[in-house]
Amino acid sequence: MTIQADDDIELLDLMLTDQARCGERYGATARWDGYSRIFADFLRDVGLRDFRKHSHPKGSPGYVLHSFGAVDGLSAGTDIWKVYGTAANAFVPAGARTIDQLAVSRVGNPNGFEVQGRFYTLSWLNFFHRYAYVSKYFDFNGDNVIVELGSGSGKQAELLRKAHPHSTIVLFDLPTQLYVANQYLTKVFEDDHGVVPYQVAREFTSLDDVVRGKINVLGNWQFDMLQGRDIDLFWNAASLQEMAPDTAKHYLRVTSSVRHMFLMHMLRSEPDMGVPGRRKVIGSKAMAGFDEIDRTHARHCNNRDWPYYDSFWKRSDL
Ligand SMILES: C[S@@+](CC[C@H](N)C(=O)[O-])C[C@H]1O[C@@H](n2cnc3c(N)ncnc32)[C@H](O)[C@@H]1O
């Protein structure tokens, strides 16, 4: 059965207005600003119907959905058993969930496949690999507060909540992407009221306002409420690198008291660089006070040359 995320243009406009009121500090780069304008129009005109299904040509308004991982593609010729088998064989410690315990929702009509009646998509397997990586260093079974910045369409949060329903998850993102995640996750967790939607969370001024054991959806312009807070895990995937360095540094200053960080970032060699690798703010002075516990080539279920690295960081005084 196809289940759709609901359109709510009033909410989209509310998010855009709230962000505009909050000044420049967390402003997006020109690229994401440009995306925001064309994507807001796309959301008004076309809406969220089948948003995970359709492939959109590069440069078209709908292509923005691809840029933050919202489309679940399945290219012809994909060896489903191989990619599923890799996830099924990924190491996870006792207490963490395995892929056979974690199916993805069909909200938004994604392209996927079934294994023994459970539904999966390729994109979901990638989010699982990130979770499996982090579970080697972080015990998800406590009453943890997990903050994700740049949460995209919300699938990582879906997986974390399905794996560890007692966790408190707090999402921050730019308005148009946040809108998609809000509408998607609200539908996925409709039955157990698992999401505190933006309409409620926009009033939060402190981390103490966040509702425990739920996914809380907040605008990136509310991020300063985390200053000085002892959060269990800060999560950022393919996102800090997309920001102006000063913006990324500001986020890292605000999160300087968190206990652990998972940062998935692009590291690639460039011909004019003296040393291989490009880490932007990660690994520079901005990470003072943290020890990098591990850095490993990130697993992508069907792209071996993916130039991303998983990294796990722990506050040095712990
Ligand atoms: C490439 S997407 C990655 C999305 C998701 N983390 C994933 O791995 O699929 C980059 C994300 O960073 C967010 N982002 C870009 N600039 C940002 C900024 N200045 N503040 C907060 N989020 C930002 C985008 O909105 C988007 O959700």
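Looking at segment 199-207, can you tell me whether even one residue there is in a helix (DSSP H, G or I), free of Cβ contacts under 8 Å to residues at least 12 places away in the same chain and surrounded by fewer than 22 Cβ atoms within 10 Å (Cβ to Cβ)?
Initially, segment 199-207 is screened for residues in a helix (DSSP H, G or I), giving 199-201, 207.
Filter once more, keeping what is free of Cβ contacts under 8 Å to residues at least 12 places away in the same chain: 200.
Going one step further and asking which of them are surrounded by fewer than 22 Cβ atoms within 10 Å (Cβ to Cβ), we end up with 200.
Yes, the conditions are met somewhere in segment 199-207.
Taken together, LEU252, LEU218 contain a single residue that is at negative phi, of a type outside the set (Asp, Glu), part of a strand (DSSP E or B) and in contact with a Leu (Cβ under 9 Å, 6 or more places away or on another chain), which is LEU218. Got a number for residues in segment 24-44 being free of Cβ contacts under 8 Å to residues at least 60 places away in the same chain and assigned to a loop (DSSP other than H, G, I, E, B)? Residues flagged as free of Cβ contacts under 8 Å to residues at least 60 places away in the same chain and assigned to a loop (DSSP other than H, G, I, E, B) within segment 24-44 amount to 1.
Got at least one residue in segment 175-182 being more than 11 Å from the ligand (Cβ to nearest atom), over 23 Å from SER55 (Cβ atoms) and out of contact with any Lys or Arg (no Cβ under 8 Å at 6 or more places or on another chain)?
Yes, that holds for at least one residue.
Looking at this structure, is VAL64 touching a residue at least 60 places away in the same chain (Cβ under 8 Å), hydrophobic (A, V, I, L, M, F, W, C) and closer than 27 Å to ALA20 by Cβ? When the stated conditions are applied, VAL64 passes them.
Considering the conditions (1) in a helix (DSSP H, G or I); (2) touching a Gly at 6+ places or on another chain (Cβ under 9 Å); (3) not hydroxyl-bearing (Ser, Thr, Tyr), TRP81 is excluded by exactly one of them, (2).
Taking the listed residues ILE3, ILE9, the one that is free of Cβ contacts under 8 Å to residues at least 60 places away in the same chain, within 20 Å of GLY154 (Cα to Cα) and more than 16 Å from the ligand (Cβ to nearest atom) is ILE9, with no other qualifying. One residue alone among LYS155, LYS162 is within 16 Å of the ligand (Cβ to nearest atom) and either among the hydrophobic types (A, V, I, L, M, F, W, C) or touching a helix residue (DSSP H, G or I) at 6+ places or on another chain (Cβ under 9 Å) (or both), and that residue is LYS155.
Here is the figure for segment 126-152: residues that are of a type outside the set (Val, Ile, Thr) and away from the ligand (no atom under 11 Å from the Cβ) total 15.
None of the figures in this text is laboratory data; all of them are computed from the coordinates on show. Note that the coordinates shown come from a computational prediction; the quantities given were computed from them, not determined experimentally. Every residue, glycine among them, receives a Cβ derived from its backbone with ideal geometry; neighbour counts consider all protein chains shown.
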